[in-house]
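What follows is calculated from the coordinates using simple rules that are stated; it is not laboratory data. This is a predicted model, so every value here is computed, not measured. So basically every Cβ, Gly included, is an ideal-geometry build from the backbone, and we count neighbours across all protein chains shown.
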Amino acid sequence: MRGSTNNLTKLGGAGKESLNYSHGSLSAFRPIRVTNFDTNQPLDYITALDITRNKKVFYQILIKFLNQQLEEGMKNISDALDSANFKKYKEHVHTIKGSSGYTGAGRIHFDCYFIQESWAKKEYEEMRSRYNRLVEDVIEFYHFVLDYLASNESDRHYYSEFPVTPFDPNRLTIANGYTIYSLKVHNEHKMPLLPTCEGIQFLCLIAGQTAEERVQQRSSEEVRPDHLEDLDLYSKPIQGNQGSSKLKKGDAEAEDKPEVKETEEKPQ
């Protein structure tokens, strides 16, 4: 990883070079397709299973997301942010949003939504400022899902053939100038307790930012679109044994569908 898990690094490519504001032909905000997830926990298992309609397919998609797609996607996002290429940043975020929409990663899904919304509105610094939360939610998702899989004995036969790679935070590529701050290590050193962090374990700090400042920043960030309940939602059939996803109309880009193997198992 380019960032640091221990000490703050000096701000590198991000923010210092001339910004790439190439925006293509998009001139006005267009509604962005989004799935209505519960964000009380990092994983909305119930909604994800309603989408896939098959536990084995769900776990196959989830584990592929953990083992491969998140790591690759975050590297691509970090590379784009380092070069201040916001168009590429948006495109890689769109890919993760599509995959997270099938795995129940609601917090990640909405982080990506807000980044795409900022792109559509040409609010490029807002795109950058949401990166911290995306990194934090990705790490929390890794930890939560690995704990969930380890404790969920009743479903283990659905995913026993799909090996899960243990999470190593050093494999997660983060953009230059950012660092991962462990609240657990912070508290083990008996440092002053921070304000409430909503149960999170890690913070992503930009160079020069204190953990207290990041906590304050988090408190003002949207977790989910406040207008989501009022959207005109519809059910869109998806391929194979997967069911339907409640999606917002009007997105010009199709969501990325995960590749899954065929299974003869009947929907649960």
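If packing is taken as the average number of other Cβ atoms within 10 Å across a peptide's residues, how do 88-99, 158-169 rank, most packed first? Numbers along the way, then the final one.
On the way: 88-99: 22.4, 158-169: 13.0.
By packing density, highest mean first, the sequence is 88-99, 158-169.
Packing-wise, with mean Cβ within 10 Å as the measure, how do 75-85, 130-140 rank, highest first?
On the way: 75-85: 19.8, 130-140: 23.3.
The densest-packed peptide leads the list: 130-140, 75-85.
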(request) Over the residues of the stretch 42-121, compute the C-alpha Rg and express it relative to 2.2 N^0.38 Å. (result) 1.14
(request) Sort out for me the Cα centre separation of the stretch 103-132 from the stretch 67-97, rounded to whole Å. (result) 11
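So if we plug the beta-carbon distance of Ser83 and Gln217 into 1/(1 + (r/R0)^6) with R0 = 22 Å, what FRET efficiency do we get, rounded to 0.05? Present the calculation step by step, with values, prior to reporting the outcome.
Numbers: r = 24 Å, r/R0 = 1.10.
Rounded to the nearest 0.05, the efficiency is 0.35.
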